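Notes for the one structure printed next.
Taken together, the values in this text are just the output of simple stated rules run on the coordinates, not laboratory data. Predicted model, so just to flag it, every value in this text is computed and none were measured. Here Cβ is always computed from backbone atoms with ideal geometry, including for glycine, and neighbour counts include all displayed protein chains.
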Amino acid sequence: MIREQRLNKIKQFLEKNNFIQISDIKEMFNVTEMTIRRDLQFLENEGVLEKIHGGAKRKKEITDRELSHIEKSSLFIEEKKYIAKIASSLINTNDTVYIGAGTTNEFIYDYLDINFAKVITNSLQVFEKFKNDDKFEVILVGGKYRERTGAFVGSFTIDTIKKIRVKKAFIGVNGVYGDAVYNYNDEEGDIQSMMLDNSYEKYILCDHSKIDKEDFYSFYRLSRFNALITDTKLDKSLIDKYSDYTKIINYNEGFKEDK
């Protein structure tokens, strides 16, 4: 078995078990202990695992601080546009949709080709994209403003959100791990959770870097979503893993990237 195949098998084992012993690897691959230690060192350098006595444990990535809107805006720009284009193709004329806060969600407007839709958002940046286009009726749900993300939260926001019903909801997240979706702020998470409960169809928009990662606040179950929309850089092993919870869309039939 070539090295790349061994490394993938080790990663898959860790995703399921979180811990692997040197004896496990010997049994799987029939290679020397020196080879095993080199493989584990390589994966530790890649940030996949942490070596411990007798083996290694899976390294979970948990965000230690919340990136600002400006910081997030500069990351994975092409991937975000790709995801937003797929999301926009799911919105039809006369739909009522919720578009939550998030730098990926802000690109949805750029790819919409419909005659009319009602758009509800608690994101100032999303509102700014739609506000001057008469093809859309846009409703900004106000409340306490979080400058770090551009979202409105708090009791005023909740009082409005709980009365709203939409056909489709599109939300951004900071992490997806197992059957849980995460963000950094509990108030934003509670708003998203309530809006998802009030939507017939539920979609997550997140690039590959956020999948298989945790953050501070778990606010919804992945298995309750219609689909997770991501980019084409998501590893196949993670597509297989998370397809057990929901549909993974990273290429929509008929969707073509601009050349």
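Here are some notes:
- Between helix 77-88 and the chain: long-axis angle, C-alpha atoms, 0 to 90°, nearest 10: 60 degrees
- Loop-located trypsin sites (Lys or Arg not before Pro) in segment 162-204 (DSSP state other than H, G, I, E, B) with a sparse environment of at most 15 neighbouring Cβ atoms within 10 Å: Lys162, Lys163, Arg165.
- Relative contact order (percent, whole number), segment 69-249, Cα cutoff 8 Å, 6+ residue spacing: 20 percent
- Within the straight-line cut-off of under 30 Å between alpha carbons, the lysines reachable from Lys57 are Lys9, Lys11, Lys16, Lys26, Lys72, Lys210, Lys213, Lys233, Lys236, Lys241, Lys247, sequence neighbours fewer than 8 places apart in one chain being disregarded.
- Nearest 10 degrees, 0 to 90: helix 33-45 Cα axis against the chain principal axis: 20 degrees
- Gyration tensor over alpha-carbon atoms, segment 3-58, equivalent ellipsoid semi-axes in Å: 14, 12, 11
- Value of [θ]222 nm, deg cm²/dmol, for the chain, DSSP H segments ≥ 4, -39500 (n - 2.57) each, nearest 500: -10000 deg cm²/dmol
- Packing, as the average of other Cβ atoms within 10 Å across residues, places the peptides 172-184, 134-146 in the order 172-184, 134-146, highest first.
- Top positive-direction residue, dipole computed over segment 69-249 with Cβ charges, set Gln125, Ile164, Tyr182: Ile164
- Alpha carbon convex hull of segment 159-207, volume per residue in cubic angstrom: 73 Å³
- Computed about its Cα centre, the charge dipole of the chain is approximately 400 debye, with only Lys, Arg, Asp and Glu carrying charge at their Cβ.
- Viscosity 0.890 mPa s, temperature 25 °C, Stokes-Einstein D of segment 71-211 from Kirkwood C-alpha radius, µm²/s: 164 µm²/s
- Of the beta bridges in the chain, as assigned by DSSP with both residues counted there, near 40 percent are antiparallel.
- Listed options for Cα extents along the principal axes in Å are (i) 67, 40, 30; (ii) 53, 50, 42; (iii) 51, 42, 33. The value calculated from this structure is the one marked (i).
- Angle between the chain longest axis and helix 3-17 axis [Cα atoms, degrees, rounded to 10]: 70 degrees
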